[in-house]
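Have a look at the structure below, then the notes.
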Amino acid sequence: VQLLASGGGLVQAGGSLRLSCAASGINFRIHTMGWYRQAPGEQRELVGNISSGGSANYADSVKGRFTISRDNARRRVYLQMNSLKPEDTAVYYCNVVRAGRPFWGQGTQVTVSS
């Protein structure tokens, strides 16, 4: 299983970024895909996830600002982040659980300046 996240960067508060995660080694269309983030000195936390059927759930902290989508044909999951805040600064990881085991991408850094 390989998950390659991209799209991070430096953005001013109020700006937007779109993260992408390309998956291989799994039957992508049947899996729930997740996005997590980890800020310095903090535990990794769930940002949200999207089911195989396309239903998405979000952490309260990002509801109304972030949107998760997926493209099964391209085996990609996306995280559209709008109205970014300095507290959104973190390394963002995509995730999948396969046969009871979690797999993680390498992470992509998002930095939001005030």
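Restricted to segment 1-70, the set of strands (runs of 3 or more DSSP E) holding at least 3 residues that are open to solvent by less than 60 Å² (accessible area, probe 1.4 Å) comprises 2-6, 17-24, 33-38, 45-50. For the residues SER6, SER52, SER16, the requirement of being small (Gly, Ala, Ser) and under 13 Å from GLY105 (Cβ atoms) singles out SER6. Which members of segment 71-114 meet the condition of being more than 12 Å from the chain's Cα centre (by Cα), among the polar types (S, T, N, Q) and not in a strand (DSSP E or B)? Across segment 71-114, the qualifying residues are ASN72, ASN82, SER83, THR89, SER114. From the list ARG98, ARG75, the one residue that fits, being touching a strand residue (DSSP E or B) at 6+ places or on another chain (Cβ under 6 Å), among the basic types (Lys, Arg) and closer than 21 Å to GLY25 by Cα, is ARG75.
Conditions (1) among the aliphatic types (A, V, I, L, M); (2) closer than 14 Å to THR89 by Cα, marked per residue:
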position	(1), (2)
LEU3	yes, no
GLY7	no, yes
GLN12	no, yes
ALA22	yes, no
ASN27	no, no
MET33	yes, no
GLN38	no, yes
ILE50	yes, no
SER55	no, no
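Residue pairs whose Cβ atoms lie under 9 Å apart, sitting 6 or more positions apart in sequence or on different chains, and linking a residue in segment 86-102 that is under 16 Å from LEU19 (Cα atoms) to a partner that is modelled with pLDDT under 95 and loosely packed, with under 11 Cβ neighbours inside 10 Å, are THR89/PRO40; ALA90/PRO40; VAL91/PRO40. If a residue has to be under 14 Å from the mean Cα position of the chain (by Cα) and over 12 Å from GLY53 (Cβ atoms) to count, how many in segment 23-32 make the cut? Here the count works out to 1. Tell me, yes or no, whether segment 87-107 has at least one residue that is open to solvent by less than 70 Å² (accessible area, probe 1.4 Å) and more than 23 Å from VAL1 (Cβ to Cβ). Yes, the conditions are met somewhere in segment 87-107.
The values are calculated or read from the model by the stated rules, or taken from the named source; none is laboratory data. All of these numbers come straight from a predicted model, not from anything done at the bench. As a convention, Cβ positions derive from the backbone with ideal geometry for all residues, glycine included, and neighbour counts pool all protein chains shown. Heads up: the accessible areas ignore ligands, DNA and RNA and are worked out on the full protein's heavy atoms, side chains in. Shrake-Rupley method; radii C 1.70, N 1.55, O 1.52, S 1.80 Å.
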